[in-house]
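Each remark here refers to the structure printed beneath this line.
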Amino acid sequence: MKKLLAFIRKEFYHVFRDKRTLLILFGLPVVQIILFGFALSNEVKNIGIAIQDNSRDIHTENIIRKIQSSSYFKVEAPILNYKDIENRFKDGSIKCAVIFPSNFSSDLQRSGGAKTQLIADASDPNTATIVTNYLTSIVYDYQQQLNPTTQLNYQIVTEIRQLYNEEQNGSLNFIPGVIALIFMIVSTALTSVSVVREKELGTMEILLVSPFKPIMVLIAKAIPYLVLSLINFILILFLSVYLLHVEIKGSFLLLFAESILFIITCLSLGLLISNVTDSQQTAMLISMMGMMLPTLILTGFMFPLENMPWIFRMVSHILPSRYYYTIVKAVMLKGLGFEFVWKETLILAGMAIFLLAIALKKFKIRLS
């Protein structure tokens, strides 16, 4: 046990002595949390919009005023003629245009209905759909204000309730995925260079002739990064709660235990990469680039898995981050207990054991 503790202490010295490792370990998570929490969002805000008001009456002015007061839109200079609309779209100054016909007010008063044309930039279909829905809702609300007492013989009223995110906080969609991404990259990348570094520095011979068994070497390599990753986890939760205002609705102990299991899985993968590579550059490239893109694309927090072809959905099942992302969403955002995430927990535990067993088998006790 004393030998193991001495080896673990040596690994801590390696980490604290390397400024680049400390930067990856503590700098990268903070930057990613701030970037995904503030800069990246699936919400649509400050969309450039231009209005051509050919009617210029009290009704169009009221609708334009409602559009201007909305945080979703940024009203640009008005459109003077219809030919100018396409040029405004081409230079990127607007994403949507609203055209009120000259007979808007008279049609509204005579027939009780008037037409309004909405033109949206559909090069981004999702944004175009959201923008037109926003504008349609604004026009409909104004119509309801004009005729609040109008009742149809049959009326369907839809009541909308947003579960688990009533404030529509965009950060809630990214934080669980960012946590999985950080652990997948940081824990895997740092551990992947631990064994191969011994090969490059020429100290692997000392390890091989020592009374240490291979399993003890791997454990001693992994424990420092496990401890530092848990510190990272606490830092991430602190930033999420107090900086991004994300509420932890479930059990913190369950979330902490699941995070330990996921970190162990990532560390096991990193040790496997470290054992099968011969240089730190190769190990870092495989762990950083090889893990980042699949985690971003196939975990489910950036792009819905349901919309992907079946082959990509099948590939996503071999990623540990997919199951951890599901666990974090269930516990952190929905407040669910272990009975709802036990399947994902068993899969992560199986992956950790499998990867650690392969890493141990691939550990070379003789230098070639």
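The values are calculated or read from the model by the stated rules, or taken from the named source; none is laboratory data. Computed from a predicted structure; not experimentally measured. Heads up, the Cβs are rebuilt from the backbone with ideal geometry, glycines too, and the neighbour counts pull from every protein chain shown. For accessibility, only protein heavy atoms count, side chains too; no ligands or nucleic acids. Shrake-Rupley method; radii C 1.70, N 1.55, O 1.52, S 1.80 Å.
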**Request:** Could you tell me whether S70 is of a type in the set (S, T, Y), at pLDDT below 90 and within 36 Å of the chain's Cα centre (by Cα)?
**Result:** yes
**Item:** Residue, nearest to N54 (Cα to Cα), within segment 69-122, restricted to residues that are of a type in the set (S, T, Y) and part of a loop (DSSP other than H, G, I, E, B)
**Value:** S102
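Looking only at segment 27-40, how many residues end up being open to solvent by 50 Å² or more (accessible area, probe 1.4 Å) and modelled with pLDDT under 80?
Of the residues in segment 27-40, 5 are open to solvent by 50 Å² or more (accessible area, probe 1.4 Å) and modelled with pLDDT under 80.
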**Complete:** Condition set in a helix (DSSP H, G or I) and open to solvent by 90 Å² or more (accessible area, probe 1.4 Å), scope segment 55-67, selection modelled with the lowest pLDDT: answer is I58
**Message:** I'm trying to understand the selection: among the residues of segment 93-122, which are open to solvent by 50 Å² or more (accessible area, probe 1.4 Å) and either under 42 Å from the mean Cα position of the chain (by Cα) or modelled with pLDDT of 80 or more (or both)?
**Reply:** K95, S102, N103, K115, Q117, L118, A122
**Request:** Quickly run through segment 275-294 and pick out the residues that are in a loop (DSSP other than H, G, I, E, B) and out of contact with any helix residue (DSSP H, G or I) (no Cβ under 6 Å at 6 or more places or on another chain).
**Result:** D278, S279
**Item:** Residue that is surrounded by the fewest Cβ atoms within 10 Å (Cβ to Cβ), among those in segment 278-321 that are among the charged types (D, E, K, R) and without any contact (Cβ under 8 Å) to a residue 60 or more places away in the chain
**Value:** E306
**Item:** Residue, nearest to W342 (Cα to Cα), within segment 231-259, restricted to residues that are open to solvent by 90 Å² or more (accessible area, probe 1.4 Å) and not in a helix (DSSP H, G or I)
**Value:** K249
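Inspect all residues belonging to segment 150-164 and state whether any of them is modelled with pLDDT of 85 or more, part of a loop (DSSP other than H, G, I, E, B) and either open to solvent by less than 70 Å² (accessible area, probe 1.4 Å) or farther than 30 Å from M292 by Cα (or both).
Among the residues of segment 150-164, not one is modelled with pLDDT of 85 or more, part of a loop (DSSP other than H, G, I, E, B) and either open to solvent by less than 70 Å² (accessible area, probe 1.4 Å) or farther than 30 Å from M292 by Cα (or both), which makes the answer no.
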**Message:** I'd like to check something: does segment 194-205 contain any residue that is closer than 24 Å to L305 by Cβ, open to solvent by less than 20 Å² (accessible area, probe 1.4 Å) and either modelled with pLDDT of 75 or more or touching a strand residue (DSSP E or B) at 6+ places or on another chain (Cβ under 7 Å) (or both)?
**Reply:** no
**Subset of segment 165-189 (residues that are in a loop (DSSP other than H, G, I, E, B) and modelled with pLDDT of 75 or more)** = none
**Asked** When both residues are 6+ apart or on different chains and their Cβ atoms are under 8 Å apart, which pairs have a first residue that lies in segment 334-350 and is assigned to a helix (DSSP H, G or I), and a second that is acidic (D, E) and surrounded by 17 or more Cβ atoms within 10 Å (Cβ to Cβ)?
**Response** T345/E258; L348/E258
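Just name the residue that is most open to solvent (accessible area, probe 1.4 Å) out of those in segment 260-277 that are out of contact with any Phe, Trp or Tyr (no Cβ under 9 Å at 6 or more places or on another chain) and at pLDDT 85 or above.
I264
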**Request:** Count, please, the residues in segment 232-246 that happen to be closer than 13 Å to S259 by Cβ, of a type in the set (V, I, T) and free of Cβ contacts under 8 Å to residues at least 60 places away in the same chain.
**Result:** 1
